[in-house]
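To keep things clear, I will list the structure first and then write my remarks on it.
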Amino acid sequence: MRLSQVVRPGPGQFLCEPGALNYLDEKLSSFANPVIITGELSYKAFQKYYKGSLELPVYQYDGTASHEDMARLSKLMEDTDCVVGIGGGRALDTAKGTADLLQVEYVTIPTVLGTCAAYTPLSAVYHPDHSFKVVDYYEKAALLCLMDLDLLVESPKKYFMGGIGDTLAKWYEAEGITRHVATELPAMVQVGLKTAKVTQELLLKDSKEALESLERGELTPAFQRVAEAVVAIAGTVGGFAGEYGRMAG
């Protein structure tokens with residue numbers, strides 16, 4: 001079996017720390033007309049922790065992560081040179097798809113810890129009726145993924161639990177795919193598989209403490225490790241392992 005092995009390492013820059021939104025003005029300083037794509041609740045969470053001076057145009061996505069909504073948004077922001085996606089998976093996937101249509105840079109700012117969408121150069125695309133359509137892969141990765149731990153430690157627990165479960169599954173999916181491969185795996189695939197094993201071990205060790213940290217609204221090293229595993233480390237599994245590290249089913 002020979003599967004496609006395009007390596008997608010991740011964003012140009014990844015920044016995860018308390019108060020990370022304080023860097024946003026500096027990181028966007030080279031752009032003339034950046035804009036925001038977000039959802040209502042996501043933008044409120046962002047505003048609570050963003051203390052910068054930028055007043056960017058804000059565009060609401062319609063909740064679908066559809067090609068239709070990406071096309072609608074792209075027509076509204078034809079003069080932009082950078083799209084800033086703020087929110088959960090569908091908001092970020094919409095921002096990535098819109099940036100791809102416009103052929104401009106994009107920045108991702110996750111407000112929940114449910115998926116690795118902030119890290120990966122792809123979108124899960126849905127129909128306007130919210131039924132699944134396709135996965136789109138992009139040639140351009142995010143310029144920056146910015147994770148503010150002060151914001152994320154107050155994010156909804158149900159998304160964090162889902163993100164932990166989804167990330168934990170990556171090792172078992174990858175192992176289920178590769179156990180049947182008779183030949184030696186490519187070097188990059190081996191990197192992805194080792195990364196999947198790291199996520200499994202880290203989550204089995206730290207998830208309980210990380211969830212308790214979220215419940216208390218208290219930053220701990222365990223919370224940061226699990227947050228990074230759900231977003232960044234998980235995103236590298238498929239990025240390096242390709243189809244050997246994606247959905248086994």
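The values are calculated or read from the model by the stated rules, or taken from the named source; none is laboratory data. What you are looking at is a predicted structure, and each value in this text was computed from that prediction instead of being measured. Please note: Cβ atoms are built from the backbone with ideal geometry, for glycine as well, and neighbour counts cover all protein chains shown.
Per-structure values
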read-out	value
Residues of the stretch 175-194 satisfying the condition of being charged (D, E, K, R) and not in a helix (DSSP H, G or I)	179, 184
Out of 97, 87, sole residue that is more than 25 Å from residue 243 (Cβ to Cβ) and buried (at least 21 other Cβ atoms within 10 Å of the Cβ)	87
So residue 25, is it modelled with pLDDT of 95 or more and more than 22 Å from residue 116 (Cβ to Cβ)	yes
Test result for residue 167, touching a helix residue (DSSP H, G or I) at 6+ places or on another chain (Cβ under 7 Å), in contact (Cβ under 8 Å) with a residue 60 or more places away in the chain and closer than 22 Å to residue 222 by Cα	yes
Among the candidates 68, 40, 26, 55, residue that is surrounded by fewer than 19 Cβ atoms within 10 Å (Cβ to Cβ), touching a residue at least 60 places away in the same chain (Cβ under 8 Å) and in the same structural domain as residue 111 (by TED's automatic domain parsing)	68
Tabulated pairs, the stretch 91-107, first in contact (Cβ under 8 Å) with a residue 60 or more places away in the chain, second in a helix (DSSP H, G or I) and surrounded by fewer than 21 Cβ atoms within 10 Å (Cβ to Cβ), C-beta under 6 angstrom, 6+ apart or interchain	98/74
Residue check, residue 163 in the same structural domain as residue 60 (by TED's automatic domain parsing) and buried (at least 16 other Cβ atoms within 10 Å of the Cβ)	no
Matching residues in the stretch 84-102 - criterion: being touching a Lys or Arg at 6+ places or on another chain (Cβ under 8 Å) and not in a helix (DSSP H, G or I)	85
Residue match in the stretch 163-180 (condition: among the hydrophobic types (A, V, I, L, M, F, W, C) and more than 19 Å from the chain's Cα centre (by Cα))	yes
Given (1) at pLDDT 95 or above; (2) surrounded by 13 or more Cβ atoms within 10 Å (Cβ to Cβ), number of the condition residue 9 does not satisfy	(1)
Qualifying positions in the stretch 70-82 - under 14 Å from residue 127 (Cα atoms) and touching a Ser or Thr at 6+ places or on another chain (Cβ under 6 Å)	70
Residue in the stretch 130-137 that is touching a residue at least 24 places away in the same chain (Cβ under 8 Å) and under 13 Å from the mean Cα position of the chain (by Cα) present	no
Criterion (under 23 Å from residue 148 (Cβ atoms) and in contact with a Leu (Cβ under 9 Å, 6 or more places away or on another chain)) met by exactly one of 24, 73, 41	24
Close pairs from the stretch 111-128: first closer than 23 Å to residue 168 by Cβ, partner modelled with pLDDT under 95 and of a type in the set (Gly, Ala, Ser), Cβ under 6 Å, at least 6 apart	116/234; 116/235; 119/10; 119/235; 120/235
Those strands (runs of 3 or more DSSP E) lying entirely in the stretch 1-69 with at least 3 residues in contact with a helix residue (DSSP H, G or I) (Cβ under 7 Å, 6 or more places away or on another chain)	13-17, 58-60
